[in-house]
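Everything on this sheet refers to the single structure shown next.
The values are calculated or read from the model by the stated rules, or taken from the named source; none is laboratory data. Model, not experiment: these values are computed from the prediction. Note: ideal-geometry Cβ built from the backbone for every residue, glycine included; neighbour counts use all protein chains shown.
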Amino acid sequence: MIERVRAVLVTPDDTMLVIRRTRPGIPEYWVLPGGGVEPGDATREAALHREIHEEIVGKPNIVRLLHTMESDDERQLFYLARIATWSFDDRTGPEFSAEGRGEYALEEVPLTLEGLDGIDLKPEEITNVLRGAIGAGSLGAGVPL
């Protein structure tokens, strides 16, 4: 089974970092930073640290596992994390230079229902989880940095 780790990265301004994907012939959409767990990763959290470093040259402070999605062949783990600094210009992930992968742009989106309404965040299930967490007040302010 393929495992992927992704993070809801909450900034000091209580926004979240998302990656806008633009690919030929496909409507624009957004994803959370992260990627595949590799055999050399000691833990899923280590994989998340590696992926966040590759994608945005940042170091997340992982708060907790937020949600798990599973299908027959894939498991995705979504973590809640705080992040203080990042540099999208210094990213090193192999996907950024792969031919035909389209464009990647890092954006800060308000961690509000209105912020979520302004983007097409994939997968839809994590959008619904975030809506519930925002409504319950369990994201953003008060989450330790």
Top-ranked residue in segment 29-47 [being of a type in the set (Gly, Ala, Ser) and in a loop (DSSP other than H, G, I, E, B); ranked as nearest to Leu65 (Cα to Cα)]: Ala42
Residue selected from segment 83-116 under the condition among the hydroxyl-bearing types (Ser, Thr, Tyr) and in contact with a helix residue (DSSP H, G or I) (Cβ under 8 Å, 6 or more places away or on another chain), by the criterion modelled with the lowest pLDDT: Thr92
Test: residue in segment 24-35 that is β-branched (Val, Ile, Thr), at pLDDT below 95 and over 11 Å from the mean Cα position of the chain (by Cα): yes
Candidates Tyr79, Tyr29, filtered to the one that is under 20 Å from Ala133 (Cβ atoms) and either surrounded by 12 or more Cβ atoms within 10 Å (Cβ to Cβ) or in contact with a Cys (Cβ under 7 Å, 6 or more places away or on another chain) (or both): Tyr79
Qualifying residue in segment 48-57 (condition: surrounded by fewer than 21 Cβ atoms within 10 Å (Cβ to Cβ) and part of a strand (DSSP E or B)): no
Checking Ala105 against (1) in a strand (DSSP E or B); (2) closer than 13 Å to Val8 by Cα, the condition it does not meet: (2)
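Restricting attention to segment 33-87, and to residues there that are polar (S, T, N, Q) and without any contact (Cβ under 8 Å) to a residue 60 or more places away in the chain, which single residue is farthest from Asp13 (Cα to Cα)?
Taking segment 33-87 and keeping what is polar (S, T, N, Q), we get 43, 61, 68, 71, 76, 85, 87.
From what is left, the residues that are without any contact (Cβ under 8 Å) to a residue 60 or more places away in the chain are 43, 68, 71, 85, 87.
On the way: Thr43: 29, Thr68: 26, Ser71: 34, Thr85: 12, Ser87: 16 Å.
Looking at residues that are polar (S, T, N, Q) and without any contact (Cβ under 8 Å) to a residue 60 or more places away in the chain, I get Ser71.
Working only within segment 117-145, note down all residues that are among the β-branched types (Val, Ile, Thr), in a loop (DSSP other than H, G, I, E, B) and at pLDDT below 95.
Within segment 117-145, just Val143 meets the criteria.
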Which numbered condition Val18 misses (of (1) touching a Lys or Arg at 6+ places or on another chain (Cβ under 9 Å); (2) touching a residue at least 60 places away in the same chain (Cβ under 8 Å)): (1)
Residue list for segment 10-25, restricted to those being of a type outside the set (Val, Ile, Thr) and either in a strand (DSSP E or B) or touching a strand residue (DSSP E or B) at 6+ places or on another chain (Cβ under 9 Å) (or both): Pro12, Asp13, Asp14, Met16, Leu17, Arg20, Arg21, Arg23
